[in-house]
1. Find the Cα radius of gyration of the chain, compare it with 2.2 N^0.38 Å by division, and give the number to two decimals.
2. To make sure I understand, if each residue's beta carbon is the centre and we count other beta carbons within 10 Å, what order do Asp120, Asp62, Asp13 fall in, fewest to most?
3. For the chain, modelled as a Gaussian network with Cα springs under 10 Å, which listed residue fluctuates most, Ala25, Ala125, Ala14?
4. With a 10 Å radius around each residue's Cβ, average the other Cβ atoms per peptide and rank 107-115, 51-59, highest first.
5. Have a look at Thr15, Ser119, Ala36 and report the one farthest towards the positive end of the charge dipole of segment 3-135, computed about the Cα centre with Cβ charges (Lys/Arg +1, Asp/Glu -1).
6. Assign unit charges at the C-beta atoms only (+1 for Lys and Arg, -1 for Asp and Glu), then state the dipole size of the chain relative to its Cα centre in Debye, rounded to the nearest 20.
7. Which value at 222 nm does the chain reach when only helices count, each DSSP H run of 4 or more adding -39,500 (n - 2.57), with the total divided by all residues and rounded to the nearest 500 deg cm²/dmol?
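A short reminder: the numbers here are calculations on the coordinates, not readings from a lab. Small disclaimer: the values here were computed from a predicted structure and weren't measured. All Cβ positions, even for glycine, are placed from backbone atoms using ideal geometry, and neighbour counts span all protein chains on display.
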Amino acid sequence: MAIERTLSIIKPDATARNITGKIIAKLEEAGLRIIAQKRIRWSKAEAEAFYAVHRERPFFNDLVAFMTSGPIVVQVLEGENAVAKNREVMGATNPANAAPGTIRREFAENIERNSVHGSDSAENAAAEIAQVFKPEELVG
Ligand code: RTP
Ligand code: MG
């Protein structure tokens, strides 16, 4: 199996509730290793650029407002099949549909305030990581 890297974000609903450690424990228990991590707050322009792929979606403006409403914790996760493994431990976008034991099932508030982001392909992961981290910030 391939060792991959993926971008993870702990979203403002989770930093507000002081549950970043509980989420990190789930990621590490799944076998994912944090090789970069920082707490930041996005500007509107940064959030719009990150979610540019969703620009035409009806939830775009709400999503940008949410993602700039408070601090986020951005992480690079490394491990075997890290992209898919992270998506699995996150659970479905809508917590009502997320499997028991997943981060979103346990912690998400609703389909928007769903606690975590994870890249959806290795290609997007590389682009998202480059958007958020300098190469020297990754310590594998
Ligand atoms: P993410 O990108 O955050 O990992 O989540 P995802 O792939 O599961 O979901 P995606 O379709 O990419 O949507 C990105 C984020 O937009 C918010 N959203 N709101 N109000 C809505 O119907 C709605 N749908 C999506 C969520 O915060 C979602 O994670
Ligand atoms: Mg997505």
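1. Values: Rg = 13.9 Å, N = 140, 2.2 N^0.38 = 14.4 Å.
Compared with the compact-globule rule of thumb, the chain sits at 0.97.
2. On the way: Asp120 15, Asp62 11, Asp13 20.
Starting with the residue having the fewest Cβ neighbours, the order is Asp62, Asp120, Asp13.
3. Its mean-square fluctuation being the largest, the pick is Ala25.
4. Working: 107-115: 18.7, 51-59: 10.6.
Most protected by this proxy first, the peptides run 107-115, 51-59.
5. Thr15
6. In debye, rounded to 20, the chain gives about 380.
7. So the helix-based figure for the chain works out to -10500 deg cm²/dmol.
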